[in-house]
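The values are calculated or read from the model by the stated rules, or taken from the named source; none is laboratory data. What you are looking at is a predicted structure, and each value in this text was computed from that prediction instead of being measured. Positions of Cβ are generated from backbone atoms using ideal geometry, with glycine treated the same way; all protein chains shown enter the neighbour counts. Surface accessibility is based on the protein's heavy atoms, side chains included, excluding ligands, DNA and RNA. Shrake-Rupley method; radii C 1.70, N 1.55, O 1.52, S 1.80 Å.
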Amino acid sequence: MEPIRVVVAGATGKVGREVCRALLREPGFRLAGAVARSGAGRDVGELLGSEPVGVPVSRSLDEALARCTGDPPQVLVDFTTAEAARETLPAAIRKQMAPVVGTTGLSRAELAALAAACREAGVGGAFVANFAIGAMLMMRFAAEARRFFPHVEIIEMHHHTKLDAPSGTAIRTRERLEAARGDLQGPSVPVHSVRLPGLVAHQEVIFGGPGQTLTIRHDATSRESYVPGVLLACRWVLAHPGEVAFDLEEMV
């Protein structure tokens, strides 16, 4: 089969670099383009510390697409900022590119509008707060525990350069916890955010009951943890045109 042709937005960021590395080595994928505000004009391979791969970093999606040779890209992987994504994602969907989005900071209304655009365009979409398999299981286990423990709080800890707080993972976990008890209209589950050097991405969901506590925790010690989920989503969006997923487990 032909490899899946992917453009990465945020290609020079911490997660974007790991995604680019994976696309260059993973059978069945081809890095078709790279978009970033920094490193424009430089070859992606050089930025990754390897030999040139023939994919220069472009300043915009339009520039990246103009540089593509052969068949057009099929998927856009976006790990940028909410501000950048608001411009890039609608343009990609209009060009029949299926979005796989790990960018957080977009509102519920914005995500709903993007999902509607995907369905209208007949392309698959994945808007996932956390692509790590362990984070998926953390949220699943926490939703199950919520049936038995009404008292719960979330502590999320990230590196000091993370822009949004609370994190997208914490927000999605809170939504799932509230839905698990049918109390979406009730008091919101408290979320505590920590931003410190030395951290990567960590979250604890702490339940309390008479004479006991239960802690469900996930630690991402490297951005490489997101790669398997991103590749899974790239395959899924092409196999499910017009469908949209908001959790990784919807695609497994």
Say the dipole of the chain comes from +1 at the beta carbon of Lys and Arg and -1 at that of Asp and Glu; which of ALA129, LEU24, GLY13 then lies farthest toward its positive end?
GLY13
Over the chain, the sum of -39500 (n - 2.57) across DSSP H runs of at least four, divided by residue number and rounded to 500 deg cm²/dmol, gives at 222 nm -11000 deg cm²/dmol
In whole angstrom, how far apart do the alpha carbon centroids of the stretch 1-50 and the stretch 200-252 sit?
22 Å
Is there a quick way to get the dipole size of the stretch 133-252? I mean about its Cα centre, with the Cβ of Lys and Arg at +1 and of Asp and Glu at -1; what is the value in debye to the nearest 20?
120 debye
In percent, how large is the relative contact order of the chain, given Cα pairs closer than 8 Å and 6 or more residues apart?
20 percent
Counting only protein heavy atoms with a 1.4 Å probe and every protein chain in place, the carbon and sulfur fraction of the accessible surface of the stretch 1-89 in whole percent equals 48 percent
Tell me which of ALA34, SER107, CYS68 sits at the most positive position along the dipole axis of the stretch 1-136, charges placed on C-beta atoms (Lys, Arg +1; Asp, Glu -1).
SER107
Which residue, GLY125, GLY229, GLY54, has the most motion in a Gaussian network model of the chain that connects Cα atoms within less than 10 Å?
GLY54
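What does the charge dipole of the chain about its Cα centre add up to, to the nearest 20 debye, if the Cβ of each Lys and Arg holds +1 and the Cβ of each Asp and Glu holds -1? Show your work: numbers first, answer last.
Values: 27 positive and 28 negative charges, 29 e Å.
That gives the chain a dipole magnitude of about 140 debye.
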With the full set of protein chains in place, find how many percent of the accessible area of the stretch 116-252 is carbon and sulfur; take the probe as 1.4 Å.
56 percent
Please report the net charge: other residues with Cβ closer than 10 Å to the Cβ of GLU18, K and R +1, D and E -1.
+3
May I ask you to list the residues of the stretch 111-144 whose amide nitrogen lies under 17 Å from a point 7 Å from Cα along the Cα→beta-carbon direction of GLU249?
127-144
For the chain, what is the accessible area per residue in Å² when the probe is 1.4 Å?
47 Å²
Counting only C-alpha contacts under 8 Å and six or more residues apart, can you give the relative contact order of the stretch 1-137 as a whole percent?
20 percent
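Can you give the charge dipole size of the stretch 103-169 about its Cα centre, rounded to the nearest 20 debye, using +1 on the beta carbon of Lys and Arg and -1 on the beta carbon of Asp and Glu?
160 debye
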Can you work out the Karplus-derived ³J(HN,Hα) for every residue in the stretch 242-250? Use 6.51 cos²θ - 1.76 cosθ + 1.60 with θ = phi - 60°, whole Hz, and x for glycine or proline.
x, 9, 10, 10, 10, 9, 4, 5, 5
Taking the dipole of the chain about the Cα centre (Lys, Arg +1; Asp, Glu -1; charges at Cβ), the one of MET1, PRO228, VAL200 that reaches farthest to the positive side is VAL200
Apply the membrane-span-like helix rule to the chain: whole DSSP H runs, Cα extent along the own long axis of at least 15 Å, mean Kyte-Doolittle hydropathy at least -0.5. List the helices found.
14-25, 82-94, 108-121, 133-146, 227-239
